[in-house]
């Protein structure tokens, strides 16, 4: 279908973004390809170093999965901010990534963790890093004939790992003005061995800051080191202004929320003995 | 867009309903216009207000964001399906009346569906859990406090039984 109709066809997953956009006549796809009943796109498989999730797996299923939560806790932490119960009951993991809203939570989690996305067309499959997948606001590197098939979420093996997700929105469940996610691993002495964090809603795509995060490794993650990392990350953002928030306010939120997410992640990792 | 009609079989409030529908007929329009189940309300029609909430296989969803064909083979419960078989109000519906949990009534069917789904999975919810459960439903009369009280009352009564 996609190969035949190209851009005039759209895949319909949970429909929690595409259908509202159609209702407002922002998009008018001539063809809709409903993938909701394709069982092969719905699964959660835990492997040694990753969780593989089928693209059409509903957000509520991921939210409730305890084994998955113990391996990739950032997913449930992010989902707590995604819409409402009614939308999570229909919305899918892959749909949210393919929609690529720059302020959405799951794309940010994918960037921070360095998720890998498997895209399939009738010609075969290819795998893209999250960083290569997100191309701009509501734009991805997926070709018109490709369907997102599954997502590999890295699971960190370190025992003392902590993660956190936080955001500010006008009302809980609304689009984030700014969102922040972090994941940290500590050694037995409480020294950081690995760090990842990122910000959403402050650019064309969700941003991860691997270089700034790398400098946290080796530190004790005191509030000052975290504050410096958060400031540096906020400076690197290019937020836009709109009715709800100026770019200055968004950049301020970026610094505050990045710091908050990093501190929460650190405290959770410290709590693991 | 095509005029082709698609055959569907959907269980609505315990009854199997068959129909032939256009591919892009929303579930809420089918429920209201074809089945005349007008208890489910149409509010914003883009998934914000929650007035159109129905249970799909027991889970609350927005029926304005689903096409009727997508409900084929599934089970739908509307607000009409919450009442007891003899037509009298459910414990939750009675509680809404008693605590004055509605004024204009526009959000009420969606609130009832969201609250019933909560009580089905969690018979003894905390206030925070109730607020989370109805977080996707807007009330323009700002009656949230009484709605929370209604759900608490229904939970207490169901427990006492």
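The values are calculated or read from the model by the stated rules, or taken from the named source; none is laboratory data. The model shown is predicted, which means the values in this text are computed figures rather than measured ones. Cβ placement follows ideal geometry from the backbone for every residue including glycine, while neighbour counts extend to all protein chains displayed.
Summary table
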quantity	calculated
Some residue of the stretch B:67-76 being surrounded by fewer than 19 Cβ atoms within 10 Å (Cβ to Cβ), more than 9 Å from every other protein chain (Cβ to nearest Cβ), in contact with a helix residue (DSSP H, G or I) (Cβ under 7 Å, 6 or more places away or on another chain) and in contact (Cβ under 8 Å) with a residue 40 or more places away in the chain	no
Number of positions in the stretch B:1-21 that are within 14 Å of residue B:81 (Cβ to Cβ) and not in a strand (DSSP E or B)	2
Any chance residue B:24 is facing chain A (nearest Cβ under 9 Å), assigned to a loop (DSSP other than H, G, I, E, B) and either touching a strand residue (DSSP E or B) at 6+ places or on another chain (Cβ under 6 Å) or modelled with pLDDT of 95 or more (or both)	yes
The stretch B:44-63, subset within 8 Å of chain A (Cβ to nearest Cβ) and under 23 Å from residue B:121 (Cβ atoms), residue farthest from the chain's Cα centre (by Cα)	B:47
Total residues in the stretch B:44-74, condition in a loop (DSSP other than H, G, I, E, B) and under 17 Å from residue A:61 (Cβ atoms)	3
Condition met for residue B:157 (touching a residue at least 60 places away in the same chain (Cβ under 8 Å), at negative phi and within 15 Å of the chain's Cα centre (by Cα))	no
Test: residue in the stretch B:120-130 that is within 26 Å of residue B:27 (Cα to Cα) and within 11 Å of chain A (Cβ to nearest Cβ)	yes
